[in-house]
Amino acid sequence: MNNNDAFFNAAQQLIAAGRFIDSKAWVPATSGNFSIRLPNGTIAITVSGKHKGRLEIDDIMLIDAAAQSLDGKKPSAETLLHTSLYKHYSDIQSILHPHSLNATLISKIFKTKIILEDYELLKAFNCINTHETKIIVPIFANDQDISRLSSVVEDYLAKNNNCYAYIIAGHGLYTWGRSTDEALRYLEALDFLFECELRLHGVKN
């Protein structure tokens, strides 16, 4: 597969992911951004300011590993959060960042982290094969200085293994996987588990 084919395939995956995520009401207005790492190390990513449920090929752009545009299009201001994750995890191929209601509410209640423990659905995550476990999803304060926010995330990941996702407070969720399908599976699992925790804390009926 040449790079043009790889980009087209990645763009189609991101368009399909956007439609699915929008069907769940996880990307209101023009929120969120998604990306896929191509075999040559470049990254296909959604452009800034587009509705993710109505993406077209022209709404996907190409950047390098340093978050620089390779085709003249404008990437999201949060592109550095994608490239830093790709640098940290050599095996991941896709990153999804929706602005879901449940993730936003979780960040208002739990402040610094949410612990998901003893749920059967934890088996949706790679390397987990029992409900008798837990995962921690850290919550970071929102920051318009994306370089500084990226450094905070990188520091956390350097010290904590087995992180599957993180939340930016009042903003949204980042999760990633070895494929777009895996990242979508994580999104579905996390949203369900977040809703369980919210109901346990009396937030939703």
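Here, each number is a calculation from the coordinates, and none is a lab measurement. Please read these numbers as outputs of a predicted model, since none were measured by experiment. Cβ: placed from backbone, ideal geometry, glycine included. Neighbour counts: every protein chain shown.
Compute the label zone of Ala158 within the stretch 88-127: residues whose backbone N is under 14 Å from the point 7 Å along Cα-to-Cβ.
Only 88-89 fall inside the zone, counting backbone N under 14 Å.
DSSP loop trypsin sites (Lys or Arg not before Pro) in the stretch 35-128 with at most 12 other Cβ atoms within 10 Å of their Cβ, which ones?
Numbers: sites: Arg37, Lys50, Lys52, Arg54, Lys73, Lys87, Lys108, Lys111, Lys113, Lys123; in loops: Lys50, Lys73, Lys111.
Counting only loop positions with at most 12 other Cβ atoms within 10 Å, the trypsin sites (Lys or Arg not before Pro) in the stretch 35-128 are Lys111.
Stokes-Einstein diffusion coefficient for the chain at 10 °C in a medium of 1.306 mPa s, Rh from the Kirkwood formula over Cα pairs: what value in µm²/s?
93 µm²/s
Along the Cα→Cβ direction, 7 angstrom out, place labels at Glu56 and Asn126. What is the inter-label distance in nm?
Calculated label separation equals 3.4 nm.
With the contact rule set at Cα under 8 Å and sequence spacing of 6 or more, what percent relative contact order holds for the chain? Walk me through the intermediate numbers first.
Details: 360 pairs, mean separation 39.7, N = 205.
The value is 19 percent.
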